[in-house]
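The next block holds one structure in the form of structure tokens; read it before the comments.
Bear in mind these aren't lab numbers, they're just calculated from the coordinates by the rules spelled out. Bear in mind the structure is a predicted one, so any value in this text is a computation, not a measurement. Here the Cβ positions follow ideal geometry from the backbone for every residue, glycine too, while neighbour counts run over all protein chains shown.
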Amino acid sequence: MKIKCEKGFYKFFPQNAMELKAFESRYNFKLKYCRGFWTFPSLADFPDYSFTGHILTGIIPATINFAGKPEEVFEKNNLTYNLKLGIIMPKAAILTYLDYDLGNYYSSKELPQAFGFDKDGDKITGFEAFVDVGLGLFKIERFFYEGI
């Protein structure tokens with residue numbers, strides 16, 4: 001299954017329903033269909049606009065007036081999805097270091113956390129990867145960084 005995380009917004013592109021179910025079962029994630037891809041339920045239900053001070057999710061207020069795709073609103077309000085807690089939160093609160101091996105691909109046993117730090121101490125905003133559910137391995141094709 002292909003995975004694309006853009007500025008903290010996770011998108012999953014399974015090839016078939018069995019791949020999706022195997023992924024959800026193995027990693028204990030629940031995904032929801034949304035505009036041509038699958039994502040976490042709170043991301044699928046994220047609004048396509050924000051007004052400064054308006055509560056976006058839980059207790060997090062919007063920081064900007066903006067309308068666009070939900071992932072663009074997400075980015076403009078400096079948010080990310082916390083994989084361990086299963087909640088949307090400010091990206092500045094992520095202090096995780098990514099655990100991955102080098103090779104033809106970066107590989108990891110865990111889905112990388114957006115806005116975590118790579119091995120050089122640089123903060124990643126997202127990545128492109130695919131998962132081999134049978135092997136339990138995420139093969140990361142590339143990381144995205146702020147300003148690059």
So the FRET efficiency between Arg35 and Tyr145, C-beta based with R0 = 22 Å and rounded to 0.05, is 0.30
Virtual spin-label span in nm between Lys119 and Ser42, 7 Å along Cα→Cβ: 3.1
Residues Cys5, Cys34 in order from fewest to most other beta-carbon atoms within 10 Å are Cys34, Cys5
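Let a ≥ b ≥ c be the square roots of the eigenvalues of the Cα gyration tensor of the stretch 2-145; is it rounded (a/c under 1.5), or, if not, prolate (a/b larger than b/c) or oblate?
oblate
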Once R0 is set to 22 Å, what does the formula 1/(1 + (r/R0)^6) return for the Cβ-Cβ distance between Leu95 and Leu137, expressed as a FRET efficiency to the nearest 0.05? 0.35
So how far, in whole Å, is the C-alpha centre of the stretch 124-147 from the one of the stretch 1-62? 16
Taking R0 as 22 Å and r as the Cβ-Cβ distance between Thr63 and Tyr27, the FRET efficiency 1/(1 + (r/R0)^6), rounded to the nearest 0.05, comes to 0.10
Relative packing of 124-134, 54-64, which averages over residues the other C-beta atoms within 10 Å, highest first: 124-134, 54-64
Applying a 10 Å radius around every beta-carbon, put 91-97, 101-107 in order of their mean neighbour count, most first. 91-97, 101-107
Quick one: helix 17-27 against the long Cα principal axis of the chain, what's the angle to the nearest 10°, folded into 0 to 90? 90
